[in-house]
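The values are calculated or read from the model by the stated rules, or taken from the named source; none is laboratory data. Here the structure is a predicted model, which is why all the values come from computation and not from measurement. FYI the Cβ positions are ideal-geometry reconstructions off the backbone, even for glycines, and counts take in every protein chain you see.
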Amino acid sequence: MRHLIALLLLSLLLLPFFSQAQGLAQKEQEAYKLLTALRSSKDDTQTQKLHADFKKAMAELVRSKDFFDFPLQALKIADLKSNDQTVRLLTWNVELADLSNTYGGFVLRREEGKERVLVLELIDIIDPYSNKPENVVDTKNWYGAIYYKIIDFSFQGKTQYLLFGYDGGTSMSNFKLLDVLSFTGQSAKFGSPVFKEPKTLKKRVVFEYANMASMSLEFEPKRARIVFDHLSPEATALEGVFSYYFPDMSYDAYVYDYDRELWNLEADVIATNPQDVGERYYYALNQKTGKVEKNRMRGDWMNPSDQQNPDNGTHQAALPNTNDPKESSTKNKKRRRFRLFRKQTNPESYQE
């Protein structure tokens, strides 16, 4: 009886949590239906109306209690959370009939030591054909992008958030960008003077390139640097026309300076592949048992000159057995054939 009473009490305590999670899931489904209709729309007027309805549904969802830790299941939008678990960033795009894009999103910040969560809507006011702003902007004057990576870093003794963004742009060009998210009181700002170049200090870095191209912009945590494709015009006469810029197979990087707390530009760096995650395996036939076995693949590099590595020097080249009469006879025949070939061939007139 006592166990039954304890179980009933536990159920009563957990009931509000289950009810809250069920309510969040239901709100997500309502937003998901609107997003599905939005992405199926072919008319810009209808698209804009559906987008407004979707933003209202998203606002109701993200402002719900306990949403900050609620994992989205049905909604396929960009969803990032900072490493310190205090910032969550949701962004999405809407493609229009002319293949340009408009964007929407929300910034959520959980105040340390408090249950209250600050929720700010990102309002895209920049025309798709206009240049991205160079100055600091707030959530009401957002330029529009999908963020795919967020990195915590320190600037002037405070935590800021490095953002990696993508903008599908127009039918002519695409954009990738590096930006910084910071908070002051109950407001959020985009842009911070942390990108150090030889002659300037940028608040935001924007890359524009041809719509047919693909640009890499990634973070290497081991070296604390942002590595990206260097872009060049397709022809010299097209310099400055960024819709004709392509990666030229060289790489630049912004490297974090821990002392000055800045991202310093370095040109012509050597890019490396990201380290493999987890173990990799291959299958091979065991000559003794005749069975196929699973073997772990070694991914670490061995220095051939390292005398401390026991695996070095174990491989021996297979040399012919000079005591074998058959081997000696075959070798002599090959030599005679080679000599005969040389006598009959004029190297100066030889053609394959």
Tell me, which residue of segment 82-113 that is under 20 Å from the mean Cα position of the chain (by Cα) and aliphatic (A, V, I, L, M) is nearest to residue 188 (Cα to Cα)? 107
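Filter segment 31-75 down to the residues that are in contact with a helix residue (DSSP H, G or I) (Cβ under 8 Å, 6 or more places away or on another chain) and either free of Cβ contacts under 8 Å to residues at least 12 places away in the same chain or farther than 24 Å from residue 147 by Cβ (or both) and list them by number.
Those that are in contact with a helix residue (DSSP H, G or I) (Cβ under 8 Å, 6 or more places away or on another chain) and either free of Cβ contacts under 8 Å to residues at least 12 places away in the same chain or farther than 24 Å from residue 147 by Cβ (or both): 37, 41, 65.
Going by what's in this entry, would residue 64 be described as among the polar types (S, T, N, Q) and either surrounded by fewer than 14 Cβ atoms within 10 Å (Cβ to Cβ) or over 17 Å from residue 110 (Cα atoms) (or both)?
no
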Residues that are out of contact with any Leu (no Cβ under 8 Å at 6 or more places or on another chain), under 25 Å from residue 124 (Cα atoms) and in a loop (DSSP other than H, G, I, E, B), drawn from segment 186-211: 191, 192, 203, 211
Taking only segment 18-48 into account, find how many residues are more than 14 Å from residue 92 (Cβ to Cβ), charged (D, E, K, R) and touching a Leu at 6+ places or on another chain (Cβ under 9 Å). 3
Identify all residues within segment 125-140 that are surrounded by 15 or more Cβ atoms within 10 Å (Cβ to Cβ) and modelled with pLDDT of 95 or more; write none if there are none. 136, 137, 138, 139
Within segment 172-193, residues within 23 Å of the chain's Cα centre (by Cα), among the small types (Gly, Ala, Ser) and surrounded by fewer than 19 Cβ atoms within 10 Å (Cβ to Cβ) come out as 182
Number of the exception - residue 229 against (1) acidic (Asp, Glu); (2) surrounded by fewer than 19 Cβ atoms within 10 Å (Cβ to Cβ); (3) free of Cβ contacts under 8 Å to residues at least 60 places away in the same chain; (4) in a strand (DSSP E or B): (2)
